[in-house]
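Asker: Quick one: the structure is below, and I'll ask about it shortly.
The values are calculated or read from the model by the stated rules, or taken from the named source; none is laboratory data. Because the structure is predicted, anything quoted here is derived from the model rather than measured. All Cβ positions, even for glycine, are placed from backbone atoms using ideal geometry, and neighbour counts span all protein chains on display.
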Amino acid sequence: MYPLRILLAVTAALLCAGPLASAAELEQQRQQFLEARSALAKGDRARLEQLSAELHDYPLHPYLVAWQMTRQRVLAPEQAQDFLHRHGNAPFTLPVREQWLRQLAHAERWHNYLATYRPSSRGELRCNYHYAQLRSGNPDAAWAGARVLWLSANRQEATCNRLFEAWEQAGGLTGEVRRQRLDLILRDGNMAFARQIAAGLPEAERSRVALWEKIHHYPALITSDERLQDDNADNRDIIAYGLQRLARRDVAETIRLWRKVEHHYAFNPEQLAAILNAITLRLALQGDVTALDWYRQIPTTEIDGNVRQFAIRVALRHQRWQDALDALRAMPDEELVNEEWQYWTARSLEALGDNDAAMRRYHVIADNSSYYGFLAADRLDLGYNLSHDPVAVDDLTLSALQQHPAIQRAYEFLQLNLVAEARHEWESAIAAMQPAERLAAGKLANRWGWHDRAALTLAKADYFGDLEIRFPLAYSDMMMKEAASNTLDPAWIMAVARQESVMMPDARSPAGALGLMQLMPATGRKLAQQLKSRLSDLRQLLHPELNIRLGSYYLRQLTRQFDGHAALATAAYNAGPKRVRQWTPTESIAADIWIDTIPYAETRQYVRRVLAYSIFYAQRLEQPVVRLRDRLPAVQKEVTKG
């Protein structure tokens with residue numbers, strides 16, 4: 001049952017509300033709102049104010065008010081306080097709140113500042129908040145905040161200076177604390193900032209920073225610079241930093257230099273572990289089996305979690321099963337319970353001949369509706385768990401939720417095709433929801449046809465049983481058509497689109513990939529030329545039909561290049577065929593091992609998800625479900641072509 005507090009609140013709101021706008025009136029309001037945005041962009045303040053007055057009852061009206069307020073040089077106290085009180089932490093309040101906070105700080109109204117402040121990532125606002133604590137009689141809280149701000153490798157706003165000066169006068173900002181910050185900056189590799197900080201320090205500190213900067217740029221000089229010959233704390237810091245930095249560039253040279261210095265300097269346990277972890281990680285990333293020898297030198301309590309995982313992957317790649325099992329057993333319990341490591345523990349036990357223990361481990365995860373659950377079921381010859389458990393939310397609850405102001409605003413932005421703004425409102429709303437409320441929200445988004453928000457909202461509620469929402473059949477007709485044209489498995493195409501964009505046609509990645517199947521512009525142009533399709537504007541890649549056509553054709557090319565191997569072609573779609581060729585072994589290797597030893601974490605996760613999603617989509621498309629073991633023959637060098 002849906003939480004009573006939401007139903008009561010929404011019912012009260014409905015009782016107090018006036019008559020609902022008709023469809024025609026609502027459409028007119030939407031057009032007026034778009035006109036108001038245009039007036040804002042043109043600087044037509046009069047027209048913006050006129051439209052704002054006419055749209056008083058429209059769900060997006062608070063945005064117009066916020067836009068008007070933030071264009072005032074000085075906010076009226078009553079207006080600012082009333083606006084923030086009425087709308088709380090809604091997304092549109094953020095610029096108003098920040099402007100009002102700056103105004104309060106300028107007027108030194110510190111009690112009001114404390115009452116208005118909300119946690120922020122902006123250094124200026126945070127510094128003023130802690131200064132307000134000081135001016136309001138709470139120095140302990142102010143100094144605690146100042147310390148957190150100070151001990152950061154990031155530059156701080158100029159507004160922080162008065163807080164730091166007051167902290168120094170109170171005896172908190174000591175020389176030792178200054179050095180701690182400088183060391184953080186140096187270890188972060190921000191040499192220009194370190195040099196700036198050191199400019200006001202004694203000559204010894206400036207010299208130390210200069211030497212550190214030299215080793216930052218030329219780490220191989222750790223054994224040849226005469227200033228580093230003495231075994232002292234500063235030199236050990238610099239040498240340890242240099243070795244870790246060099247390991248990322250040239251691990252063989254790092255090992256050679258380490259052999260020269262390891263017995264000459266009294267490195268502390270943390271420095272020793274950091275150096276050994278760096279060497280082990282770099283060797284492991286290269287797939288070098290000697291990484292296991294270095295791994296065993298790291299004290300158990302000092303093993304970096306990422307290094308341990310890569311040591312396991314190296315052991316798997318070289319089928320050093322006992323090494324893999326030893327590293328797995330050394331994992332913290334909270335990591336080992338992950339189904340990935342449960343599976344590889346079972347695989348290691350099986351390879352070492354302990355079949356009974358292996359079978360017990362497989363049974364633990366074989367009922368999971370997931371990649372590793374499917375692999376375990378394959379090892380046990382069990383059926384896959386593809387049960388569908390739909391979200392149970394009644395229409396009354398959905399109707400009540402749809403009256404929530406933030407949900408209304410998200411819906412209106414969606415109708416206006418302002419999808420980024422719609423997502424912002426949606427994410428802000430569900431962030432404050434309990435799991436049961438998020439289930440209802442996911443169901444509502446699905447009813448709207450907003451497939452990506454529906455699936456992602458259920459995931460945030462830790463609910464994965466509703467396969468219809470998790471794996472929408474949006475654009476399935478187009479994908480079935482392109483699958484037939486390219487002789488591809490339609491479930492695979494849909495799985496790729498689901499992983500790439502969660503069926504979001506306007507998806508844009510930080511790297512520039514576009515559309516449902518996340519095509520890079522250069523790839524899109526090349527594919528369009530090959531298919532003799534006109535691509536005069538990159539925005540055309542956001543059109544589902546063209547995006548699916550090009551993406552499917554690219555999958556066909558990759559399938560042919562990698563001789564139909566599903567894992568290799570899928571990896572190539574994510575990381576590029578050139579990298580996948582570099583990752584293919586000289587000897588035959590089981591596909592599950594190859595997938596989990598892909599050097600890129602993103603690509604490993606990508607391949608696993610697409611393969612699992614293809615199982616679900618086969619069921620949703622009412623096609624025969626091809627087991628993973630039948631999709632994944634051994635990987636060998638000869639499979640690559642062209």
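Asker: Among the residues of the stretch 280-297, is there at least one that is part of a loop (DSSP other than H, G, I, E, B) and among the β-branched types (Val, Ile, Thr)?
Answerer: Yes.
Asker: Quick one: which of ALA194, ALA170 is surrounded by 15 or more Cβ atoms within 10 Å (Cβ to Cβ) and touching a helix residue (DSSP H, G or I) at 6+ places or on another chain (Cβ under 8 Å)?
Answerer: ALA194
Asker: Across the stretch 469-514, what is the number of residues that are modelled with pLDDT of 95 or more, surrounded by fewer than 15 Cβ atoms within 10 Å (Cβ to Cβ) and among the polar types (S, T, N, Q)?
Answerer: 2
Asker: With respect to GLY171, determine if the residue is among the small types (Gly, Ala, Ser) and closer than 26 Å to ALA432 by Cα.
Answerer: No: the conditions fail for GLY171.
Asker: Looking at ALA166, is it among the small types (Gly, Ala, Ser) and over 30 Å from HIS424 (Cβ atoms)?
Answerer: When the stated conditions are applied, ALA166 passes them.
Asker: Within the stretch 185-199, which residues are touching a residue at least 40 places away in the same chain (Cβ under 8 Å) and either outside the structural domain of ILE238 (by TED's automatic domain parsing) or of a type in the set (D, E, K, R) (or both)?
Answerer: ARG187
Asker: All but one of (1) surrounded by 21 or more Cβ atoms within 10 Å (Cβ to Cβ); (2) under 16 Å from LEU519 (Cβ atoms); (3) of a type in the set (S, T, N, Q) hold for GLN540; state the number of the condition that does not hold.
Answerer: Evaluating GLN540 over (1) surrounded by 21 or more Cβ atoms within 10 Å (Cβ to Cβ); (2) under 16 Å from LEU519 (Cβ atoms); (3) of a type in the set (S, T, N, Q) leaves (1) as the failure.
Asker: I'm trying to understand the selection: among the residues of the stretch 437-453, which are in a helix (DSSP H, G or I) and surrounded by fewer than 16 Cβ atoms within 10 Å (Cβ to Cβ)?
Answerer: Passing the criteria: only ARG447.
Asker: Considering only the stretch 100-107, I want to know if a residue exists there that is within 31 Å of the chain's Cα centre (by Cα) and either closer than 24 Å to ASN417 by Cβ or not assigned by TED's automatic domain parsing to the domain that holds PRO139 (or both).
Answerer: The answer is no, given that none of the residues of the stretch 100-107 is within 31 Å of the chain's Cα centre (by Cα) and either closer than 24 Å to ASN417 by Cβ or not assigned by TED's automatic domain parsing to the domain that holds PRO139 (or both).
Yes/no per residue for (1) outside the structural domain of VAL625 (by TED's automatic domain parsing); (2) closer than 30 Å to GLN31 by Cβ; (3) among the aromatic types (Phe, Trp, Tyr); (4) part of a helix (DSSP H, G or I):
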{"site": "LEU375", "(1), (2), (3), (4)": "yes, no, no, yes"}
{"site": "ASP378", "(1), (2), (3), (4)": "yes, no, no, yes"}
{"site": "LEU382", "(1), (2), (3), (4)": "yes, no, no, no"}
{"site": "ASN385", "(1), (2), (3), (4)": "yes, no, no, no"}
{"site": "HIS388", "(1), (2), (3), (4)": "yes, no, no, no"}
{"site": "VAL391", "(1), (2), (3), (4)": "yes, no, no, no"}
{"site": "ALA406", "(1), (2), (3), (4)": "yes, yes, no, yes"}
{"site": "HIS424", "(1), (2), (3), (4)": "yes, yes, no, yes"}
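Asker: Report whether or not GLU412 is closer than 23 Å to ARG604 by Cα, of a type in the set (D, E, K, R) and assigned to a helix (DSSP H, G or I).
Answerer: Here the answer is no, as GLU412 does not meet what is asked.
Asker: On to the next question. Here are LEU418, LEU414: which of them is surrounded by fewer than 20 Cβ atoms within 10 Å (Cβ to Cβ) and either of a type outside the set (Phe, Trp, Tyr) or free of Cβ contacts under 8 Å to residues at least 40 places away in the same chain (or both)?
Answerer: Answer to the selection: LEU418.
Asker: Looking only at the stretch 298-316, count every residue that is touching a Pro at 6+ places or on another chain (Cβ under 8 Å) and either crowded, with 20+ Cβ neighbours inside 10 Å or aromatic (Phe, Trp, Tyr) (or both) and tell me the total.
Answerer: So the count comes out to 0.
Asker: While we're here: Within the stretch 582-594, take every residue that is part of a helix (DSSP H, G or I) and surrounded by 17 or more Cβ atoms within 10 Å (Cβ to Cβ) and give me the one that is modelled with the lowest pLDDT.
Answerer: That would be TRP583.
Asker: Among the residues of the stretch 595-610, is any over 24 Å from the mean Cα position of the chain (by Cα) and either in a helix (DSSP H, G or I) or buried (at least 22 other Cβ atoms within 10 Å of the Cβ) (or both)?
Answerer: no
Asker: Just to check your reading of the model, which residue among ASN486, ASN446 is closer than 29 Å to PRO59 by Cβ, in contact (Cβ under 8 Å) with a residue 12 or more places away in the chain and polar (S, T, N, Q)?
Answerer: On inspection, the qualifying residue turns out to be ASN446.
Asker: While we're on this one: Considering only the stretch 92-114, I want to know if a residue exists there that is in contact (Cβ under 8 Å) with a residue 40 or more places away in the chain, touching a His at 6+ places or on another chain (Cβ under 8 Å) and either within 24 Å of LEU163 (Cβ to Cβ) or surrounded by 17 or more Cβ atoms within 10 Å (Cβ to Cβ) (or both).
Answerer: Checked against the condition, which is being in contact (Cβ under 8 Å) with a residue 40 or more places away in the chain, touching a His at 6+ places or on another chain (Cβ under 8 Å) and either within 24 Å of LEU163 (Cβ to Cβ) or surrounded by 17 or more Cβ atoms within 10 Å (Cβ to Cβ) (or both), the stretch 92-114 yields no hits at all.
Asker: Hey, among the residues in the stretch 494-541 that are among the polar types (S, T, N, Q) and in a helix (DSSP H, G or I), which one's farthest from LEU418 (Cα to Cα)?
Answerer: Within the stretch 494-541, the match that is farthest from LEU418 (Cα to Cα) is GLN530.
Asker: When VAL289 is evaluated against the numbered criteria (1) surrounded by 20 or more Cβ atoms within 10 Å (Cβ to Cβ); (2) at pLDDT 95 or above; (3) among the β-branched types (Val, Ile, Thr), which criterion, by number, is the only one it fails?
Answerer: Of (1) surrounded by 20 or more Cβ atoms within 10 Å (Cβ to Cβ); (2) at pLDDT 95 or above; (3) among the β-branched types (Val, Ile, Thr), only one is false for VAL289: (1).
Asker: Spot the failing condition for ASN154; the list is (1) in the same structural domain as ARG206 (by TED's automatic domain parsing); (2) modelled with pLDDT under 95, and only one is missed.
Answerer: Going through (1) in the same structural domain as ARG206 (by TED's automatic domain parsing); (2) modelled with pLDDT under 95 one by one, ASN154 breaks only (1).
Residues are listed down the side, and each one gets a yes or a no for (1) in contact (Cβ under 8 Å) with a residue 12 or more places away in the chain; (2) in contact with a Pro (Cβ under 7 Å, 6 or more places away or on another chain); (3) among the hydrophobic types (A, V, I, L, M, F, W, C); (4) farther than 19 Å from GLY564 by Cβ:
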residue	(1), (2), (3), (4)
ALA591	yes, yes, yes, no
TYR600	yes, no, no, yes
VAL607	yes, no, yes, no
TYR613	yes, no, no, no
ARG620	yes, no, no, yes
LEU628	yes, no, yes, no
ARG631	yes, no, no, no
VAL635	yes, yes, yes, no
